[in-house]
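The structure appears right after this line, and notes come after that.
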Amino acid sequence: MSEQNTKVAEPVIEAPAGHTTSKANPLQNLLKGPAGRSLGLVIALALLFVVGAVTSGDRFLNFENMLTIFRYASIIGVISIGVTFVITAGGIDLSVGSVLGLTTVIASLTSVQMAATQSSWILMVLVALAVGVVAGLINGVVIAYGNVVAFIATLAMLVGARGLAELISGRSTQIVTNRDFLRVMRAEVLGVPLLIWIFVIVAIAGWFLLNRTTFGRRTIAIGGNLEAARLAGIKVKRHLVYLYVLAGLAAGIAGVMMLGRTTAGTSTHGLLYELDAIAAVVVGGTLLIGGRGTIMGTVLGVLIFSTLTNVFTQNNLDTSVQALAKGLIIVVAVLLQQRFAARGPRKREKPGLRKAA
Amino acid sequence: MFEEDQPRPLLEVRGLTKGFAGVQALKGVDLQVLPGEVHCVMGQNGAGKSTLIKTLSGVHQPDSGEIRWEGKPITLPRPTAALDLGIATMYQELDVVDGLSVAENIFLGHERATGGVLHVKKANAIARTLLKRLGHGGLSPSTEVGTLSAANKQIVSMARALSRDTRLIIMDEPSAILDSGEVSNLFRVVRELTAQGIAVVYISHRLEEIRQIGDRISVIKDGRSTANGLNVTDTPKSELIRLMTGRDVENVFPERKPVPVDAPVVLEVDNLELFGHFDKVSFTVRAGEILGFAGLVGSKRSEILETIYGARKASSGKVSVQGKVLRPGSVTSAVNAGIGLSPEERKSQGLILDEPIFKNVTLSTFERFARGGYLNESAERGAAREQITALELRPADPDRPARTLSGGNQQKILLARWLVHGTPVLLLDEPTRGVDVGARAEIYALIRKLAAAGTAIIVVSSEIEEVLGLADNVLVIDDGKVLTQTKASDIDEHGVLDLVMKGSAA
């Protein structure tokens with residue numbers, strides 16, 4: 001069996017026409033690159049905007065509403081960017097929503113808030129981030145050094161972190177009283193709320209980290225072929241820990257944003273966010289098996305879902321219908337991607353199969 | 001087992017061919033199986049054994065050629081067609097369902113039932129008879145198969161074959177999952193079967209085994225029959241090996257350059273040991289020297305290489321590069337000290353297939369080109385382009401995904417990776433596997449050139465001829481033991497095989 005597999009996978013290929021012409025047609029080139037992969041998402045988003053504009057007119061198409069869409073996208077967006085890294089490396093993090101909840105609870109504890117009042121509001125931020133990092137560190141160590149499957153390890157964290165948050169908060173809502181914190185979180189820069197700026201900055205930083213740094217290269221290499229990465233001398237285990245810490249850190253940042261938006265910490269914050277994040281990442285075009293990740297795609301994925309919610313809300317449609325639409329979008333997006341993925345490389349690989357397909 | 005006036009063959013295969021997208025797996029295979037004989041089919045990995053089995057069991061359809069069953073031409077459009085005729089196949093990865101009982105597994109797919117209601121007692125009774133026929137009456141039909149050993153699962157699989165009134169059983173490397181005690185039991189069962197007139201096609205590449213169990217042998221090489229129905233008793237092992245590996249294409253090995261006497265020792269392996277795999281191994285490799293590991297499949301050559309590299313953690317002993325002792329079980333330590341590995345499985349262990357050539361070339365060095373974590377892709381591309389030119393890698397486009405390259409060019413990517421790194425030690429595991437003959441000569445020349453530039457190289461290959469032609473010095477390895485260390489020019493293929501056979505006979 002193996003003999004035949006190895007043989008079949010041994011294509012001796014002539015140069016495919018069109019691929020080598022990297023300078024021939026810049027537009028074509030752009031469409032074939034990552035931008036092209038995102039093009040479908042841009043079109044989908046544009047369609048949603050058209051639907052919104054047609055059904056709700058000016059109520060939809062105004063600056064305030066655009067801000068609403070982005071504000072709605074911002075928290076889940078930050079989480080999704082963290083998750084993008086983990087998934088690009090071939091992993092998964094189911095715990096981000098719970099960890100978000102835990103960070104809001106611990107950062108809004110009376111003791112923390114009192115200490116923050118005496119020193120600075122930044123203390124609350126630091127506490128939230130630290131909680132996220134520690135949760136991610138535990139995930140990473142259990143996965144990389146304990147050799148526990150990521151799905152199971154982060155599922156345990158999902159359940160455990162939520163439980164811990166309930167225990168600490170006694171299931172009560174902890175109001176944020178620190179005025180400085182609230183003032184900063186409600187601030188606007190150039191007429192745009194801070195929450196949106198945080199999302200934008202995290203997205204840009206994430207894009208840079210994934211595409212322009214050795215950290216990103218390691219991430220993609222591990223997701224593309226873990227064994228080859230290991231045998232090339234990359235410290236795979238250590239990097240896996242960093243990745244889950246990064247996802248935890250993103251959950252911590254999202255926790256801070258959540259505290260600012262809702263002015264309260266509670267164990268129910270971030271419920272099911274992990275699923276929204278994974279949906280956005282996958283719809284965005286990041287491969288669930290790893291090896292290819294796109295921050296741009298994730299951002300578009302998040303925006304598609306938040307725009308969808310906005311359009312539905314504007315039209316007073318049932319949230320159940322909205323959930324149904326979300327499900328459809330996920331399936332259709334992934335089906336389309338698989339078609340593209342199958343068509344792209346396979347066409348080059350096995351010319352003989354084209355007729356059959 | 002059969003007389004000189006040959007009985008009519010049960011199964012006859014003539015000129016079978018089968019191609020898959022771009023690869024011709026079978027190029028003309030002949031086979032005659034007589035009733036009640038154990039017919040061994042031998043061949044190296046990739047020879048086409050598995051494709052042959054699948055064609056005979058109705059999984060694949062042949063492109064051309066003829067299959068005759070008791071003299072009548074037949075087609076096997078699907079697996080059940082083969083089963084209905086009486087051809088059962090025991091695959092290497094046993095196709096039993098762990099959660100079901102022994103009897104349920106035996107009748108899987110042809111349950112004893114009336115209107116969907118199972119006759120449990122009846123099934124158990126028949127199962128018991130079948131197991132008894134196989135000399136395993138002690139195996140209870142109601143036992144859950146998941147609790148059985150691999151050997152007993154095979155028995156269940158064979159009982160299933162018997163339950164269908166089978167006349168021919170194809171066994172795909174049945175001994176691969178068994179220990180030696182279990183293997184002799186398997187042989188006993190196989191003889192029970194043949195005594196009842198059932199023919200067995202026994203696939204294996206273990207020579208000793210075939211000697212014990214087989215009546216006749218057919219050999220396949222590169223999808224073609226090289227021998228047909230040889231008598232086991234009067235075919236020497238060396239002849240079988242020649243039939244399996246014999247190369248009809250002349251290899252062009254580059255000329256050896258004598259390693260200077262004062263060349264420094266670069267790699268020193270001292271009493272390296274990995275329990276369960278290989279015993280204490282010691283040797284040194286000097287700058288400019290090519291050391292070859294010669295031995296058959298299963299001799300643990302690759303394991304030794306991977307342990308030197310730290311991909312496996314040594315039980316004891318040490319490896320040092322230019323006097324620096326490596327941390328056992330740490331690839332990073334080996335890479336930092338200056339060892340590069342081109343692994344056996346190029347695709348699954350060496351390359352990130354969807355990434356461009358240049359990123360594959362710089363996979364172990366990209367941090368060197370980066371500044372403060374910021375990647376410098378144009379510098380990486382430049383370094384890759386240099387190697388592409390030096391190694392004549394085709395296509396010469398650093399942005400082409402590695403997947404689209406031929407085996408030889410993918411191998412060059414791995415060489416390029418370590419050339420960029422500048423490692424003084426290079427470990428090459430099967431550097432020409434899946435590489436066509438023309439490209440081989442090119443790779444040999446490259447390896448020799450690297451040695452001439454002062455790199456210490458170890459080459460592992462299952463092709464003894466390749467090791468002997470390429471290396472300066474050779475370690476002959478069998479079953480995790482170094483049998484001898486000698487100059488490559490002082491030994492030939494027969495010498496190596498003699499040593500290996502003496503080793504395995506002892």
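Within region A:138-224, which helices (runs of 4 or more DSSP H) (wholly inside it) include 1 or more residues that are among the small types (G, A, S) and within 14 Å of chain B (Cβ to nearest Cβ)? Give the derivation first.
Numbers: elements: A:150-169, A:179-185, A:194-212, A:214-224.
Of the helices (runs of 4 or more DSSP H) lying wholly inside region A:138-224, those with at least 1 residues that are among the small types (G, A, S) and within 14 Å of chain B (Cβ to nearest Cβ) span A:194-212, A:214-224.
So for region A:310-321 (the condition being in a helix (DSSP H, G or I), within 29 Å of B:A402 (Cβ to Cβ) and touching a Gly at 6+ places or on another chain (Cβ under 6 Å)), does at least one residue qualify? Give the derivation first.
Within region A:310-321, the subset in a helix (DSSP H, G or I) is A:310-314, A:319-321.
After this cut, where a residue has to be within 29 Å of B:A402 (Cβ to Cβ) as well, the list is none.
For region A:310-321, residues in a helix (DSSP H, G or I), within 29 Å of B:A402 (Cβ to Cβ) and touching a Gly at 6+ places or on another chain (Cβ under 6 Å): absent.
Can you report the number of residues in region B:347-396 which are in a helix (DSSP H, G or I), more than 9 Å from chain A (Cβ to nearest Cβ), touching a helix residue (DSSP H, G or I) at 6+ places or on another chain (Cβ under 9 Å) and closer than 14 Å to B:L415 by Cα?
The number of residues fulfilling the criteria is 11.
What number of residues in region B:289-312 are away from chain A (no Cβ under 13 Å), of a type outside the set (G, A, S) and part of a loop (DSSP other than H, G, I, E, B)?
3
Among the numbered conditions (1) β-branched (V, I, T); (2) modelled with pLDDT under 95; (3) touching a helix residue (DSSP H, G or I) at 6+ places or on another chain (Cβ under 6 Å), tell me where A:T313 comes up short.
In the conditions (1) β-branched (V, I, T); (2) modelled with pLDDT under 95; (3) touching a helix residue (DSSP H, G or I) at 6+ places or on another chain (Cβ under 6 Å), A:T313 misses (3) alone.
Considering each residue of region B:363-392, count those that are more than 14 Å from A:T213 (Cβ to Cβ) and not charged (D, E, K, R), and give that number.
13
How about region B:418-440: which of its residues are over 22 Å from B:S348 (Cα atoms) and at pLDDT below 80?
B:V437, B:G438
Among the residues of region A:279-302, count how many are away from chain B (no Cβ under 14 Å) and surrounded by fewer than 24 Cβ atoms within 10 Å (Cβ to Cβ). Even if it seems obvious, please write down each step before you answer.
Kept after step one, since they are away from chain B (no Cβ under 14 Å), are these residues of region A:279-302: A:279-284, A:288, A:295-302.
Going one step further and asking which of them are surrounded by fewer than 24 Cβ atoms within 10 Å (Cβ to Cβ), we end up with A:279, A:282, A:288, A:296, A:300.
Residues meeting the conditions: 5.
Among the residues of region B:283-304, how many are out of contact with any Phe, Trp or Tyr (no Cβ under 9 Å at 6 or more places or on another chain) and in contact (Cβ under 8 Å) with a residue 24 or more places away in the chain?
Step one: filter region B:283-304 for residues out of contact with any Phe, Trp or Tyr (no Cβ under 9 Å at 6 or more places or on another chain), giving B:283-290, B:292-298.
Of the ones still in play, those that are also in contact (Cβ under 8 Å) with a residue 24 or more places away in the chain are B:283, B:285-290, B:292-298.
Here the count works out to 14.
Considering only region A:83-121, state which residues are β-branched (V, I, T) and at pLDDT 95 or above. Break it down into steps so the answer makes sense when it comes.
Just the residues of region A:83-121 that are β-branched (V, I, T), to begin with: A:83-84, A:86-88, A:92, A:96, A:99, A:103-106, A:110, A:112, A:117.
Within region A:83-121, A:V83, A:T84, A:V86, A:I87, A:T88, A:I92, A:V96, A:V99, A:T103, A:T104, A:V105, A:I106 qualify.
So that you can scan it fast, the table gives a plain yes or no per residue for (1) crowded, with 20+ Cβ neighbours inside 10 Å; (2) in contact (Cβ under 8 Å) with a residue 40 or more places away in the chain; (3) touching a strand residue (DSSP E or B) at 6+ places or on another chain (Cβ under 8 Å); (4) closer than 27 Å to A:L109 by Cβ:
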site: A:G163; (1), (2), (3), (4): no, no, no, yes
site: A:I168; (1), (2), (3), (4): no, yes, no, yes
site: A:S172; (1), (2), (3), (4): no, yes, no, yes
site: A:V202; (1), (2), (3), (4): yes, yes, no, yes
site: A:T213; (1), (2), (3), (4): no, no, yes, no
site: A:G223; (1), (2), (3), (4): yes, yes, no, no
site: A:A229; (1), (2), (3), (4): yes, no, no, no
site: A:G252; (1), (2), (3), (4): yes, yes, no, yes
site: A:V256; (1), (2), (3), (4): yes, yes, no, yes
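Output the residues belonging to region A:225-238 that are more than 8 Å from every other protein chain (Cβ to nearest Cβ) and either of a type in the set (D, E, K, R) or touching a Gly at 6+ places or on another chain (Cβ under 9 Å) (or both). Can you show your working first?
Start the filter on region A:225-238 by keeping residues that are more than 8 Å from every other protein chain (Cβ to nearest Cβ), which leaves A:226, A:236-238.
Within region A:225-238, A:L226, A:K237, A:R238 qualify.
For region B:313-346, name all the residues that are within 14 Å of another protein chain (Cβ to nearest Cβ) and touching a helix residue (DSSP H, G or I) at 6+ places or on another chain (Cβ under 7 Å). Give the derivation first.
Residues of region B:313-346 within 14 Å of another protein chain (Cβ to nearest Cβ): B:313, B:321, B:326-327, B:329-346.
Hits for region B:313-346 are B:V321, B:L326, B:R327, B:V331, B:A334, B:I339, B:G340, B:L341, B:S342, B:P343, B:E344, B:R346.
To keep it simple, each residue is scored yes or no on (1) within 18 Å of A:Q113 (Cα to Cα); (2) modelled with pLDDT of 95 or more.
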{"position": "A:L158", "(1), (2)": "no, yes"}
{"position": "A:A165", "(1), (2)": "yes, yes"}
{"position": "A:Q174", "(1), (2)": "yes, no"}
{"position": "A:D180", "(1), (2)": "yes, no"}
{"position": "A:V184", "(1), (2)": "yes, no"}
{"position": "A:L190", "(1), (2)": "no, no"}
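Any residue at all in region A:72-90 that's surrounded by fewer than 16 Cβ atoms within 10 Å (Cβ to Cβ) and under 22 Å from A:S267 (Cβ atoms)?
Looking only at region A:72-90, we keep the residues that are surrounded by fewer than 16 Cβ atoms within 10 Å (Cβ to Cβ), and these are none.
Checked region A:72-90: no residue is surrounded by fewer than 16 Cβ atoms within 10 Å (Cβ to Cβ) and under 22 Å from A:S267 (Cβ atoms).
Just wondering, is there one or more residues in region B:331-343 that are part of a loop (DSSP other than H, G, I, E, B) and within 18 Å of the chain's Cα centre (by Cα)? Before you say what the answer is, go through the steps one by one.
Residues of region B:331-343 that are part of a loop (DSSP other than H, G, I, E, B), as a first pass: B:338, B:343.
Of the ones still in play, those that are also within 18 Å of the chain's Cα centre (by Cα) are B:343.
Looking for residues that are part of a loop (DSSP other than H, G, I, E, B) and within 18 Å of the chain's Cα centre (by Cα), one finds at least one in region B:331-343, hence yes.
The values are calculated or read from the model by the stated rules, or taken from the named source; none is laboratory data. Please read all numbers here as calculations on a predicted model, not as lab measurements. Every residue, glycine as well, gets a Cβ built from its backbone with ideal geometry; the counts of neighbours run over all protein chains shown.
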